[in-house]
Amino acid sequence: MTRIFIPKDAQAVALGADRVAREVERVAATTGQTIAITRTGSRGLFWLEPTIEIETAEGRIAYGPVKPGDVEALLEAGMLSGAAHPLRIGRPEEVSYLARQTRLTFARVGIVDPMSAQDYVAHGGYAGLTRALELGGTGIIDEVKASGLRGRGGAGFPTGIKWSTVGLAEADQKYVVCNADEGDSGTFADRMLMEGDPFCLIEGMTIAGVAVGATKGFIYIRSEYPHAFRAMNDAIAAATQAGYLGPSVMGSGHAFTLETRLGAGAYICGEETSLLDSLEGKRGMVRAKPPLPAIKGLFGKPTIVNNVLSLATVPWIMANGAAAYADFGMGRSRGTLPFQLAGNVRRGGLVELAFGTTLREMIEWYGGGTRSGRPLRAVQVGGPLGAYFPDELLDTPLDYEAFAAKNGLLGHGGIVVFDDTVDLAAQARFAFEFCATESCGKCTPCRIGSTRGVETIDRIVAGIEPARNLEIVRDLCEVMTDGSLCAMGGLTPVPVLSALAHFPEDFQRAPTLMAAE
Amino acid sequence: MTYEPWDASIADEVIARHARLDGATMPILHALQETFGYVDRAVVPMIADVLNLSRAEIHGVVTFYHDFRSEPPGRHVVKICRAEACQSVGAVALADHAKRVLGIDWHGTTADGRVTLEPVFCLGLCACGPAALVDDEPVSSFDPAAFDARLAELRA
Ligand SMILES: Cc1cc2nc3c(=O)[nH]c(=O)nc-3n(C[C@H](O)[C@H](O)[C@H](O)COP(=O)(O)O)c2cc1C
Ligand code: SF4
Ligand code: FES
């Protein structure tokens, strides 16, 4: 019997992986070849999806991108023994795009069976929790602090410090909440991890629970991710069945249970306090801080809120040691970040690298330039609240502080490439429009300012009093930056002002008209 | 996709099944929409009663979230991504094309009840855009030609 691995990752499915898997089953049955297909996550080399990997004596051999119509020829050519074929990629680990990465958080994604706790353990899973149980609460927290891990959701707050605040809080009930709202355009790492290695997130949350004495966890998953939602539910059921969740995790006497909840299409619910309100069954309104969620969080109890990647990195840190993790990176950005290459790029995908690689290397070496083949004009890093950078800024290293120094942000590590057909005035208008649509409505600068921003950019683009209206846009940005409760209103000026600063010509296209009556 | 026609006793069962969850409102609303395809406003007092919350509070939740429809959708739902990474590869042209071909705007349903068109901000398929969900099936490289082909496949 030959073992075959075909991704079930939503991106691979969108490219036809389900149809390919069905065709492999069908053709193998008609030719009498015995196979067993395991549906894995994706390795994140999307231009090669759908891939088929075959277990052979020399390790796995990959073929891709495979169309259903290729399957017969592949099997005929001897794919099951790793034979030659124009679609043969070879050993996936040796593809340079993957070989040059440092896969820590994503070590198992695309390799393991995401439905199997047993397979997870066979690939090193639960070594982290085993060590964590030996270290105990403060020992775990010290280790997370020493690793230098900063929150991967966007704000970059040190994870160990957050955990120690929750650990020190006195309460009859504490919670661990995973932020899987991943709303930023250009990001999909949380989705890939949940679909490809859900036990890793479960293990990370369990370690967090043990560290601070929380017995209950929730994963808040955006409704746009139905595949990830199902994968997490299946994995939670399997982990509970196997005793990795429940009244006594791995027989340790620590109780920890997990539940999932679905978001409902509101970007603001990625903001942690809005997320907590939504989890409580309310409208997702942003709460004023203090009190911090670490002190007064879900249902008023001390709560860890962390991004998927922050939590899913903890098992690696526990298993390999804080020092091993902190060895990667630059400055105050320690470890690796799973970057996501997206938009108009030839080789989009998941690129986990130590901090410090330049944006240019990412886009040119990994991405292979634009997909359209036209010149690159702008890159937006960090989601809808991130800056648009021109070519001159591409040598900026991917590091929290280096990006801040250029008035940008790394956010959740999404990198969106635009070619020379992009109109930055339209992008600036979209930033305001998005803020107007997604604002929770609590503060006037965010709610009203964004709507006025859309109208004002429309006037500029129409050539109506451009100088005066540009001044109004800058004033609006200042009011939003200073007068917003959260980063939705507070950072919407970042894409707008970066578009104005680096691409002023896009705001001057129309002939100037006289002021409208 | 097929949904149950609105039925208060089915709604009662759906609500009861999720009422004991922490923060039950959202799971209940999702389950109702999954059952009926939309959230009938008649459920507001029903949920309020069961969860011992005010009607105003439940109404506020239903209307806050973009996902919850107030009308039954068409037989097929096409959600097209409007976010930046998809914009960089033609999402705006795709959306204009889809609206023109279907003769509807966002959230509209074709007169024959066949297709509902909804906007979505990112599906996590940003490396191979434009992206869409067609009846919950993810689709990549959804250019106008792919849209036309897919539309032809959608049965009545
Ligand atoms: C408008 C807005 C949207 C956000 N969206 C997300 C999100 O989708 N996922 C996420 O992890 N953090 C998001 N954040 C950041 C969270 O508020 C919070 O910082 C994070 O969940 C903390 O986890 P971390 O320390 O592990 O990053 C968002 C913040 C704002 C202001
Ligand atoms: S800035 Fe906007 S989204 Fe944030 S709290 Fe204020 S109104 Fe709500
Ligand atoms: S931006 Fe369209 S799928 Fe992410």
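Laboratory data are not the source of any read-out in this text; all were calculated from the coordinates shown. Note that the structure is a prediction, hence the values are computed from the model and not measured. Positions of Cβ are generated from backbone atoms using ideal geometry, with glycine treated the same way; all protein chains shown enter the neighbour counts.
Worth pointing out:
- Simple rule: put +1 on each Lys or Arg Cβ and -1 on each Asp or Glu Cβ in chain A, find the dipole, and look at A:Ala169, A:Gly281, A:Phe503; the Cα lying farthest toward the positive end is A:Ala169.
- Residues A:Glu58, A:Glu76 in ascending order of nearby Cβ atoms (within 10 Å, fewest first): A:Glu58, A:Glu76.
- Rounded, prolate or oblate (a/c below 1.5 giving rounded, otherwise prolate when a/b exceeds b/c) for the range A:376-459 by Cα gyration tensor: oblate
- Inter-centroid distance (Cα atoms) of the range A:223-277 relative to the range A:403-430, Å: 32 Å
- Diffusion coefficient, µm² s⁻¹, Stokes-Einstein with Kirkwood Rh over alpha-carbon pairs of the range A:2-99 at 20 °C and 1.002 mPa s: 164 µm²/s
- Each of A:Leu15, B:Leu154 was scored by other Cβ atoms within 10 Å of its Cβ. Listed from fewest to most, they are B:Leu154, A:Leu15.
- Sum of side-chain charges, A:Met79 neighbourhood, beta-carbon under 10 Å (Lys, Arg +1; Asp, Glu -1): -1
- A:Ala29 versus A:Arg346: modelled label distance in nm, points set 7 Å from Cα along the beta carbon direction: 4.1 nm
- Reach of B:Lys99 by Cα under 27 Å, taken over lysines that are not fewer than 8 positions away in the same chain: B:Lys79
- In chain B, inverting the average of 1/r over every pair of distinct C-alpha atoms gives 16.8 Å as the Kirkwood radius.
- Contour excess over end-to-end distance, with Cα ends at A:Ala462 and A:Ala324 and 0.36 nm allotted per residue: 44.1 nm
- Normalising the average separation of contacting C-alpha pairs (under 8 angstrom, six or more residues apart) by the number of residues puts the relative contact order of the range B:7-70 at 33 percent.
- Per-residue mean of foreign Cβ neighbours for B:113-124 is 6 (Cβ atoms of other chains, 10 Å radius).
- Between A:Ile295, A:Gly413, A:Leu309, the Cα set farthest toward the positive side of the dipole of chain A (charges on each charged residue's Cβ, about the Cα centre) is that of A:Ile295.
- Whole-Å semi-axes of the range B:8-64's equivalent ellipsoid (Cα gyration tensor): 14, 13, 11
- Sequence-distant residues sharing a close amide H with A:Thr56 (under 5 Å, placed H): A:Ile61
- For the protein assembly as shown, size of Cβ-based charge dipole, Lys and Arg +1, Asp and Glu -1, in debye: 620 debye
- Computed about its Cα centre, the charge dipole of the range A:329-419 is approximately 200 debye, with only Lys, Arg, Asp and Glu carrying charge at their Cβ.
- When DSSP beta bridges are restricted to pairs lying wholly in the protein assembly as shown, around 50% turn out antiparallel.
- Between B:Ala42 and B:Leu151, the modelled label-to-label distance comes to 3.4 nm, taking each label 7 Å out from Cα in the direction of the beta carbon.
- 5 Å-binned pair-distance histogram of the range A:329-419 (Cα, whole percent): 3, 16, 29, 28, 17, 6, 1, 0
- Contact order normalised by residue count of the range B:47-114, Cα under 8 Å, 6+ apart, percent: 27 percent
- Over chain A: helical MRE at 222 nm, DSSP H runs n ≥ 4 each giving -39500 (n - 2.57), nearest 500: -12000 deg cm²/dmol
- Percent of C-alpha pairs per 10 Å bin, chain A, short to long: 4, 18, 27, 25, 16, 7, 2, 0
- In terms of its C-alpha gyration tensor, the range A:117-326 comes out rounded, because the ratio a/c of the largest to the smallest axis stays below 1.5.
- Once backbone amide H atoms are built at 1.01 Å from N, A:Thr257 has A:Lys216, A:Gly217, A:Gly246 as its partners under 5 Å, excluding neighbours fewer than 5 places away on the same chain.
- Relative contact order for chain A: 13 percent, from Cα pairs under 8 Å spaced at least 6 residues apart, divided by residue count.
- Within 10 Å of each Cβ in A:222-231, the average number of Cβ atoms from other chains: 4
- Taking amide H as placed 1.01 Å from N in the peptide plane, A:Leu409 has its amide H under 5 Å from the amide H of A:Ala387, each at least 5 places away in sequence or on another chain.
- Dipole moment magnitude, nearest 20 debye, chain B about Cα centre, only Lys, Arg, Asp, Glu C-beta charged: 220 debye
- Among B:70-77, B:4-11, the order from most to least packed when residues are scored by Cβ within 10 Å on average: B:70-77, B:4-11
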